[in-house]
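S.K.: Attaching a single structure in structure tokens format; questions to follow.
The values are calculated or read from the model by the stated rules, or taken from the named source; none is laboratory data. Values in this document were obtained by computation on a predicted structure and should not be read as measured data. Every residue, glycine among them, receives a Cβ derived from its backbone with ideal geometry; neighbour counts consider all protein chains shown.
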Amino acid sequence: MEATAAVIWEQVLTDIRSEVGETRFNLWFTNTVAVDCKSDSLTVGVPSTFVAEWLETHYARILAASASRRLGCAVKPRFVVDGGLFRGKVLQESVAKNELLDEVAPAAPADFEASKYTLENFVVGPCNSVAYAAVRKVIESPGKAYNPLFLHGGVGLGKTHLLVAIANSIKGNRRRGTIEYVSAEAFTNRFIAALKYGSLDAFRARYRKTKLLVIDDVHFLANKPATQDEFLNTFNALSRDGAQIVMASDSHPKLIAKLKETLVTRFLSGMVARLDKPGYQTRLEILNRKCARRNLVLAPEVSDFVARRLKGSVREIEGAVNTLAAVASISRAPVTSAIASEVLRSLIDDKSRPVRLPEIDSVVSAYSGLPEGQIRSARRTRSVSQARHIAMYLARQLGGFSYEEIGTYFGGRNHSSVVAAVGKISRMTRDDGEFAREVSALKSEFAQ
């Protein structure tokens, strides 16, 4: 019966190899052995309970299908820990648990290695020159200059571009363990999986022994106290070892809601650099470079028209170029300003559009990492109150709304509460240069 089990298992392994691929086959199946084969079951020895649970969860169906096909009857695979395989257990588990982390959540963007994410093709302007200079310094002296480096700004302004440029530029980034690029969401999902599968040691070894940790979308850590504690410990371990830490977020660390003060303090201990919306000259240069990559030729007056009217993110400019390239290809005629105005209507800012209270509410909520409606609620936590006061200040500054209108919209506050909030933010912008720049950046989010 044992010989039959061995033969059947070898046949099943042949099927599995072709179905799951060489990498996964070597990872999960090379250190297994047939134990017993009966009319309705095939017992397989594995080196650990971790491997047994993983095979049961992820491969039981295809194993059952192969064994049933080989034996001509319904067969259910069973997995038992085989002491004879114990010598390979440590190595097997270490590799398997890291593979588990990769399968739970991809670490980096799909185009992590893409040549478009380099410092050479990053367009530098007044909106991002400080962030760019800081990135160059980190690449030149990782772990020494601006550590940690925290980049922040709105969506589509180039944060990910700079993060990937750092990862691709620092020497040795192809060696496993030297660099880890991960989003805060992937870090969170992997941490949860490590808790579930008992692989915290592998998780911690992975992130605490790296020489460069690049983590995007840090605002995702908001309101996740356990993950924040784990990340704080990781941060401290890397700092002690002199490893470089680079982070990016949509918001300044102080404006990320429900982020522990200990983390905020760590983030502020290095360099914090903001990326703003690009001005006209920068937008024109970005437009021209993207057109060149698409082999799209625009007349100077058309480029000028698009660059002057598109005041959003770099991604909007890229979307506009893609649209214009498609129009030029279909019509086989030059793109005129009139055509550009028509096809890009949804992207072009309307200067005459007034600023509305719901828009101020939405922009400040997003910038502060708060859910829609929080600012108008009765909540008085520090992050919510601060965001509410900023929104009231902007409503007064940008929309000219009366104190009564502002108070009514933001949760039925009375006249004196709004006056006090506006006065507080006015004083802070006068006395705190960094805060003044944050408020100025928020103002730039609105078409004027």
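S.K.: Within segment 425-436, identify whether any single residue is over 21 Å from Leu255 (Cβ atoms), modelled with pLDDT of 85 or more and buried (at least 17 other Cβ atoms within 10 Å of the Cβ), and answer yes or no.
M.R.: no
S.K.: Let me ask you something else. Restricting the search to segment 381-409, which residues are over 36 Å from the mean Cα position of the chain (by Cα), surrounded by fewer than 19 Cβ atoms within 10 Å (Cβ to Cβ) and without any contact (Cβ under 8 Å) to a residue 40 or more places away in the chain?
M.R.: Listed by number, the residues that qualify are Gly400, Ser402, Glu404, Thr408.
S.K.: Now for a separate question. Identify all residues within segment 254-273 that are modelled with pLDDT of 90 or more and either crowded, with 21+ Cβ neighbours inside 10 Å or of a type outside the set (D, E, K, R) (or both); write none if there are none.
M.R.: Correct list: Thr262, Leu263, Val264, Thr265, Phe267, Leu268, Ser269, Gly270, Met271, Val272, Ala273.
S.K.: In segment 407-433, how many are under 18 Å from Ile360 (Cα atoms) and not in a helix (DSSP H, G or I)?
M.R.: Number satisfying all stated conditions: 4.
S.K.: Answer yes if at least one residue in segment 342-350 is in a helix (DSSP H, G or I), farther than 23 Å from Pro253 by Cβ and either modelled with pLDDT of 90 or more or out of contact with any strand residue (DSSP E or B) (no Cβ under 6 Å at 6 or more places or on another chain) (or both), and no otherwise.
M.R.: Yes: segment 342-350 contains one or more residues that are in a helix (DSSP H, G or I), farther than 23 Å from Pro253 by Cβ and either modelled with pLDDT of 90 or more or out of contact with any strand residue (DSSP E or B) (no Cβ under 6 Å at 6 or more places or on another chain) (or both).
S.K.: Assuming Arg380 fulfils every condition listed in (1) assigned to a loop (DSSP other than H, G, I, E, B); (2) within 25 Å of Ser444 (Cβ to Cβ); (3) not hydroxyl-bearing (Ser, Thr, Tyr) apart from one, which condition is it?
M.R.: Evaluating Arg380 over (1) assigned to a loop (DSSP other than H, G, I, E, B); (2) within 25 Å of Ser444 (Cβ to Cβ); (3) not hydroxyl-bearing (Ser, Thr, Tyr) leaves (2) as the failure.
S.K.: Same structure, new question: Could you give every pair whose Cβ atoms fall below 9 Å, whose first residue belongs to segment 213-229 and is free of Cβ contacts under 8 Å to residues at least 24 places away in the same chain and at positive phi, and whose second residue is assigned to a helix (DSSP H, G or I) and of a type in the set (Gly, Ala, Ser), counting only separations of at least 6 or pairs across chains?
M.R.: Filtered contacts from segment 213-229: no entries.
S.K.: Can you work out which of the residues in segment 318-341 that are hydroxyl-bearing (Ser, Thr, Tyr) and assigned to a helix (DSSP H, G or I) is nearest to the chain's Cα centre (by Cα)?
M.R.: Thr323
S.K.: Pick out the one residue from Glu359, Glu404 that is of a type in the set (Asp, Glu) and either in contact with a helix residue (DSSP H, G or I) (Cβ under 7 Å, 6 or more places away or on another chain) or not in a helix (DSSP H, G or I) (or both).
M.R.: After applying the criteria, what remains is Glu404.
S.K.: Taking segment 58-80, which residues are of a type in the set (Val, Ile, Thr) and at pLDDT below 90?
M.R.: Passing the criteria: Val75, Val80.
S.K.: Given the criterion of a type in the set (Asp, Glu) and in the same structural domain as Val335 (by TED's automatic domain parsing), identify the matching residue among Glu301, Glu261. Walk me through how you get there before you give the answer.
M.R.: Working: Glu261 fails: in the same structural domain as Val335 (by TED's automatic domain parsing).
Within the list Glu301, Glu261, the selection yields Glu301.
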